[in-house]
1. Once you sort the root eigenvalues of the Cα gyration tensor of the chain as a ≥ b ≥ c, which label holds: rounded (a/c under 1.5), prolate (a/b larger than b/c) or oblate (the other case)?
2. For the range 260-402, just say rounded, prolate or oblate: build the C-alpha gyration tensor, square-root its eigenvalues into a ≥ b ≥ c, call rounded for a/c under 1.5, and beyond that prolate if a/b exceeds b/c, oblate if not.
3. What percent does the relative contact order of the range 486-553 come to when contacts are Cα pairs within less than 8 Å and at least six residues apart?
4. For a 30 Å ceiling on Cα separation, which of these pairs sit above it: Lys214/Lys287; Lys220/Lys322; Lys322/Lys418; Lys220/Lys260; Lys214/Lys260?
5. Within 10 Å of each candidate Cβ there may be at most 12 other Cβ atoms; applying that plus a DSSP loop requirement, which GluC sites (Glu not before Pro) in the range 215-263 survive?
6. Alpha carbon centre of the range 160-199 versus the range 385-418: separation in Å?
7. If you count the DSSP beta bridges with both ends in the chain, what percent of them are antiparallel, to the nearest 5?
8. Sorted by average packing, counted as other Cβ atoms within 10 angstrom per residue and highest first, what order do 319-329, 345-355, 198-208, 86-96 take?
Amino acid sequence: MNQQPKIGVFVCHCGSNIAGHLDAGAVAEYARTLPNVVFVQENMYTCSEAGLADIKNAIVEEDLERVVVAACTPRTHEPLFRETCRETGLNPYLFEFVNIRDQCSWVHMREPELATEKAQDLVRMGVSKARLLQPLEEQEVPVEPSALIIGGGMIGMTVALNLANRGFEVKLVEQEPELGGLLLRLDKLYPTQDDAQPLVATRVAEAQSNPRIKVFTSSKLREVKGFVGNYEIVVGDNEGRQSSFTVGTIIVATGAQVLKPEGMYGYDGKRVITQLEMESLLAESGKSLIPNLQSVVMIQCVGSRIPERPYCSRVCCTTAIKNALEIKSARPDAEVYILYRDTETQGTRYEAYYTRAREAGIQFIRYSLQHPPEVSKKRVVVYDELLGAKLGIPYDLVVLSTPLVAREGARELAQLLKVPVDEHGFFLEAHVKLRPLDFATDGVYVAGTARWPGHLEETITQAYGAAARAATILSKDRVTSSGVVARVNEALCRGCGCCVEICEFGAPSLVEAASGPALSGVEGVEVARVNPVMCKGCGVCASVCPTGAMTAMHFTDEQVIAMVRAALAIELLVEEV
């Protein structure tokens with residue numbers, strides 16, 4: 001039987017984003033010549049309310065069986081167009097997106113004729129695939145209305161309280177004996193110079209007294225199974241006791257740790273210390289340390305912005321300013337020097353904070369990576385880039401500003417959760433702009449310095465964002481997974497386990513095969529089976545399957561081959577079944 005579906009093609013101008021760099025009208029006219037295309041329409045903005053209404057009307061009035069939209073990126077708009085198809089009764093997976101903006105007009109904006117030709121090629125490929133699209137089913141699973149938060153610092157407690165106040169049960173796991181995280185060691189908060197400890201103590205008391213929050217201290221995540229809405233969790237403490245429970249979502253808020261500068265600038269923890277150690281001294285001594293300090297030298301970018309660690313930790317400059325102001329406040333005649341490469345005080349609040357430090361008499365001296373400061377027993381020698389001369393500065397104390405680095409155990413935790421980390425060990429979000437607090441794994445989120453170094457007020461904002469993202473899952477009775485998943489032909493599967501080994505989401509597993517003619521009565525045979533809720537439809541399993549038993553739905557071999565043939569302008573032959 002021949003597949004002759006009625007296909008509708010919608011070509012979007014996207015204002016001038018597409019039509020300003022290629023001939024959208026010519027693309028639409030070309031689409032009318034393609035086999036099975038019975039309706040073509042141009043839209044100024046296909047994603048607008050009017051554009052979506054046009055798609056709905058065409059599906060109904062023209063009896064369309066497939067829809068192709070040539071527009072911008074499926075990353076942002078594919079769910080919108082699929083839902084539009086669903087609202088008219090058309091299976092949402094009978095929709096194909098052709099990206100003629102990102103992949104065509106934007107990258108060939110100086111070659112309009114060639115861009116138009118390429119857009120026609122892309123539409124031809126999309127129509128070829130659309131002929132072979134199949135309706136797919138989505139899976140629904142119940143949701144356990146509770147959350148696991150890993151990390152009991154300020155960010156983890158903020159997420160926990162936010163979710164608990166919304167009515168959800170929360171399990172808060174902290175590996176240290178007490179809640180509070182890195183803020184327990186801080187003296188002041190910038191740029192207000194408020195005491196850090198009252199804020200931490202208040203937040204800890206709120207978390208511990210909230211009846212919806214169960215706190216596990218001196219504990220770590222031991223095991224994770226399941227999928228969004230139903231994660232089976234095992235938590236163990238330092239004494240070997242374990243607790244098991246089910247949650248709907250997981251939020252990673254493990255924070256970061258401060259680099260200890262072993263072997264740098266004569267660091268000894270006494271006369272040469274870190275900013276964090278300075279904070280602890282100020283908090284513990286009640287400022288009795290400051291009267292003994294006549295000259296303090298702070299060195300920035302110690303262990304950061306170097307080949308081994310090329311990133312800026314962002315908090316170091318403001319931390320140095322904070323502690324320098326604290327010293328000047330208690331002893332105005334003290335000499336405080338900040339040796340910097342570049343000063344990171346973005347935004348009006350932090351720029352005003354920097355100005356305040358200059359007005360207080362704190363001296364800023366710029367050095368370069370080629371001429372770093374030299375610390376001897378009595379003085380710090382630095383080449384001033386602005387003066388073009390070497391300066392010798394006597395000191396009572398040298399304070400090194402070291403970066404935040406990924407917390408120990410971050411990679412192991414990432415493996416448990418099946419989420420990625422970047423080259424520095426920080427957790428890697430799904431998309432820095434579109435999904436900055438999500439992982440690719442549904443129902444797992446990240447906030448705070450576990451994701452990347454940031455200021456406290458910024459990371460607290462992320463905590464509220466992660467809580468809101470988790471609440472979108474927890475507030476539902478059931479969640480629906482995508483229909484774009486892998487499927488196994490058990491008659492072809494030989495149970496080699498290649499798919500199980502390569503899948504980063506843990507979707508396939510080996511199970512005992514059901515009896516059937518294909519197995520000829522053989523018992524104990526294992527075959528792969530895919531959990532559709534955990535599968536992301538990436539197709540990696542299908543690419544490594546040696547027998548062709550695994551199929552990536554919506555990207556089947558036949559569909560991909562049809563697109564390749566269309567790209568090469570080879571006439572598509574539809575086999576009769």
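1. Because a/c hits 1.5 or more and a/b exceeds b/c, the chain counts as prolate.
2. Verdict is rounded for the range 260-402.
3. The normalised contact order for the range 486-553 reaches 48 percent.
4. Table pairs above 30 Å Cα-Cα are Lys214/Lys287; Lys220/Lys322; Lys322/Lys418; Lys214/Lys260.
5. Loop-located and lightly packed - Glu239, Glu262.
6. What the calculation gives is 23 Å, centre to centre.
7. In the chain, DSSP labels about 45 percent of beta bridges as antiparallel.
8. Going from most to least packed, we get 319-329, 86-96, 198-208, 345-355.
Read-outs: derived from the displayed coordinates by stated rules, not from any lab. This structure is a prediction, so every number in the text was calculated from the model and none was measured. Glycine also receives a Cβ, built like all others from the backbone with ideal geometry; neighbour counts cover every protein chain displayed.
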